[in-house]
Number of protein chains: 2
Amino acid sequence: MSEQSTPSPTPAAEAASDPAATLPQEISSALKRDPAGLVAAIVQQHDTNEVLMLGWMDDEALRRTMTTGRVTFYSRSRQEYWRKGDTSGHVQFVKSVALDCDGDALLVRVDQVGAACHTGTRTCFDGRELTVVAGNRD
Amino acid sequence: MSEQSTPSPTPAAEAASDPAATLPQEISSALKRDPAGLVAAIVQQHDTNEVLMLGWMDDEALRRTMTTGRVTFYSRSRQEYWRKGDTSGHVQFVKSVALDCDGDALLVRVDQVGAACHTGTRTCFDGRELTVVAGNRD
């Protein structure tokens with residue numbers, strides 16, 4: 001289940017390589033996965049509430065995220081697990097994880113080291129605003 | 001393209017029922033849609049930065065959201081457009097929309113009237129935290 005985990009000297013990361021580990025049944029049964037077996041994971045900076053990025057998790061990526069203190073995604077394009085920061089150094093330390101009311105989205109609150117975006121911006125949305133007609137009460 | 005739009009007396013909403021309207025080409029070509037033609041839309045309260053919910057948009061839902069001042073989703077379960085608040089009164093007024101670096105996620109900043117969640121909680125994540133091992137720098 002975790003053939004693609006990266007060897008690591010830290011004890012916390014060892015939880016990722018336990019082949020017998022699975023998500024608790026009550027969480028697994030609450031997930032509403034897309035046809036690829038994934039749920040959306042919104043990543044938010046825990047103290048500023050900035051939305052940093054959106055990633056994707058399958059059951060195993062969520063289990064690693066919940067048990068190792070570090071955020072692990074499942075990369076749809078590379079079809080492999082991806083522990084944020086292993087190559088860039090831009091680690092995400094997990095502060096909390098919540099599953100939404102209908103089970104298809106996770107809110108992962110983190111302490112983000114450096115830039116969350118691979119382009120170098122703090123968030124994946126910075127400088128990427130579309131032109132819109134704003135709405136107002138009244 | 002907008003057969004399912006709800007008739008509305010407000011001028012802003014009329015943009016939703018223009019059958020000739022489409023997304024600007026530069027936006028349409030930047031979207032990385034899932035096999036169902038959808039991108040994830042993170043909805044955030046503009047002044048507090050709370051993450052309220054996650055919805056899904058196709059090109060037409062995004063166009064309506066960008067041009068009418070109100071957030072419109074595409075419901076995966078009901079397979080229809082859904083303008084937030086039309087039945088609940090819990091309207092989302094659009095403040096800004098940004099498309100992320102790889103085109104598969106939108107950040108929609110809004111002014112949320114009342115509860116964002118159909119269960120009555122302010123956000124779809126309130127009270128739904130999972131038990132995790134937190135991580136820390138050092």
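Among chain B residues, the beta-carbon with the smallest distance to the axis carrying B onto A is reported, with distance in whole Å, as B:Asn49, 2. Over all Cα atoms in the stretch B:21-112, the spread is summed up by Rg and Dmax: 12.3, 34 Å.
With angles folded into 0 to 90 degrees, how steeply does helix A:59-68 sit against the dominant principal axis of chain A? Use alpha carbons for both and round to 10. The two axes meet at around 80 degrees. The distance from the alpha carbon centre of the stretch A:103-138 to that of the stretch B:53-120 is 15 Å, rounded to a whole number. Farthest towards the positive end of the charge dipole of the stretch A:82-138, among the residues A:Ala115, A:Gly89, A:Gly103, is the Cα of A:Gly89, using unit charges on the Cβ of Lys, Arg, Asp and Glu. Under Stokes-Einstein, with the Kirkwood radius over Cα pairs as Rh, the value for the stretch B:75-128 at 20 °C and 1.002 mPa s is 168 µm²/s.
Taking Cα centre as origin and charging only the Cβ of basic (Lys, Arg, +1) and acidic (Asp, Glu, -1) residues, the dipole magnitude of the protein assembly as shown rounds to 180 debye. Run the quick spin-label model on B:His46 and B:Ser75: label points 7 Å from Cα toward the beta carbon, then report their separation in nm to one decimal. Roughly 2.7 nm, to one decimal. Kindly state, to the nearest 0.05, the FRET efficiency for B:Ala134 paired with A:Thr121, given R0 = 22 Å and r defined as their beta-carbon distance. After rounding, the FRET efficiency stands at 0.30. When A:Thr87 is represented by a point 7 angstrom out along its Cα-to-C-beta vector, the spacings to that point in the other copies are 4.5 nm, nearest first. In chain B, helical runs assigned H by DSSP with n ≥ 4 each contribute -39500 (n - 2.57); averaged across all residues and rounded to the nearest 500, the mean residue ellipticity at 222 nm is -3000 deg cm²/dmol. Within a straight-line Cα-Cα reach of under 17 Å, B:Lys95 can be paired with the following lysines, leaving aside sequence neighbours fewer than 8 residues apart in one chain: B:Lys84.
Here the protein assembly as shown carries DSSP beta bridges of which approximately 75% are antiparallel, counting only pairs with both residues inside.
Once the Cβ-Cβ distance of B:Asp102 and A:Glu26 is raised to the sixth power relative to R0 = 45 Å, the FRET efficiency obtained is 0.85.
If Rh is defined by the Kirkwood formula over all Cα pairs and Rg also comes from Cα, what ratio Rg/Rh do you get for the protein assembly as shown?
Values: Rg = 18.8 Å, Rh = 19.3 Å.
With Rh from the inverse mean 1/r over Cα pairs, Rg/Rh is 0.98.
Coordinate-derived values only; no laboratory data. Being a predicted model, the structure only gives us computed values, none of them experimental. Reconstructed Cβ throughout: ideal geometry from the backbone, glycine too, with neighbour counts over all protein chains shown.
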